[in-house]
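For reference, the structure is listed below as structure tokens.
The values are calculated or read from the model by the stated rules, or taken from the named source; none is laboratory data. Since the structure is predicted, the reported quantities are computational estimates derived from the model, not experimental observations. As a convention, Cβ positions derive from the backbone with ideal geometry for all residues, glycine included, and neighbour counts pool all protein chains shown.
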Amino acid sequence: MNISKTPLEGCIILNPRVFNDERGYFFESFNAASFNQAVGYTVDFVQDNQSFSTKGVFRGLHLQKGENAQAKLVRVTQGKVLDVAVDLRTGSATYGQYYGVELSDENNTQFFIPRGFAHGFVVLSDTAVFQYKCDNYYNKQSEGGLHYADPDLAIDWKLPNDELLVSEKDAELPFLKDAPDFGF
């Protein structure tokens, strides 16, 4: 597994070693010992989630607040998405900055997003299956997030905003300057 750091401390990119032959391919998608060594601490994933979406579907920028904060390891098993993390850790040198990476079934790239970040993605292919591991259980009362079109974040979603399919709930999320303290 090749590990790359991102400009946001704690967020890392993981690229597996893929073994191809005439029968297809094989790769190890997760190994707890190798993963924990790469991030520098033990992450105990307790919940796996999966979504299916069509081109232009936007999901995010979501987070779980306070004691219900979640770290996530995300990947795409079919299709292609632009995946984004926004640093919301109070006192962080990169507070309010984002990092985006394309995840696809062709590059098999995985993105680790530690606690203290908002997270979202947009589907760039006709369809996509998105999978993620979480280190804490979902809690409805701890939901939070940021507006996808926050002008201060200026995230390039690779599609025009009028082509994004955004839920009513996500369209009502606050801009960073108006957001409450998320407890990070």
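Some points to look at:
- Cβ-Cβ under 6 Å pairs, at least 6 apart or on other chains, segment 33-55 side under 16 Å from GLN110 (Cβ atoms), far side of a type in the set (S, T, N, Q) and exposed (fewer than 11 other Cβ atoms within 10 Å of the Cβ): none
- Condition met for THR90 (free of Cβ contacts under 8 Å to residues at least 60 places away in the same chain, more than 30 Å from PRO160 (Cβ to Cβ), among the β-branched types (Val, Ile, Thr) and not in a strand (DSSP E or B)): no
- Filtered by the rule that a residue be touching a His at 6+ places or on another chain (Cβ under 8 Å) and farther than 11 Å from PHE121 by Cβ, segment 73-95 gives a lone residue, VAL86.
- Residue in segment 139-153 that is surrounded by the fewest Cβ atoms within 10 Å (Cβ to Cβ), counting only those that are touching a residue at least 60 places away in the same chain (Cβ under 8 Å) and assigned to a loop (DSSP other than H, G, I, E, B): ASN139
- Options LYS140, LYS72, LYS158: the member that is touching a strand residue (DSSP E or B) at 6+ places or on another chain (Cβ under 8 Å) and closer than 28 Å to ALA32 by Cα: LYS72
- Given (1) in a loop (DSSP other than H, G, I, E, B); (2) closer than 28 Å to ASP181 by Cα; (3) out of contact with any Cys (no Cβ under 7 Å at 6 or more places or on another chain), number of the condition VAL74 does not satisfy: (1)
- Against the test of being modelled with pLDDT under 95, of a type in the set (Ser, Thr, Tyr) and either over 14 Å from ASP135 (Cα atoms) or more than 12 Å from the chain's Cα centre (by Cα) (or both), the options SER34, SER51, SER104 yield a single qualifying residue, SER34.
- Flag for VAL122 being assigned to a strand (DSSP E or B) and buried (at least 19 other Cβ atoms within 10 Å of the Cβ): yes
- Of all residues in segment 1-31, those satisfying the criterion of being of a type in the set (A, V, I, L, M) and part of a strand (DSSP E or B) are ILE3, ILE12, ILE13, LEU14.
- Residues within segment 171-184 that are over 17 Å from GLY100 (Cβ atoms) and part of a helix (DSSP H, G or I), tallied: 3
- Residue check for ASN136: closer than 19 Å to PHE30 by Cβ and touching a residue at least 24 places away in the same chain (Cβ under 8 Å): yes
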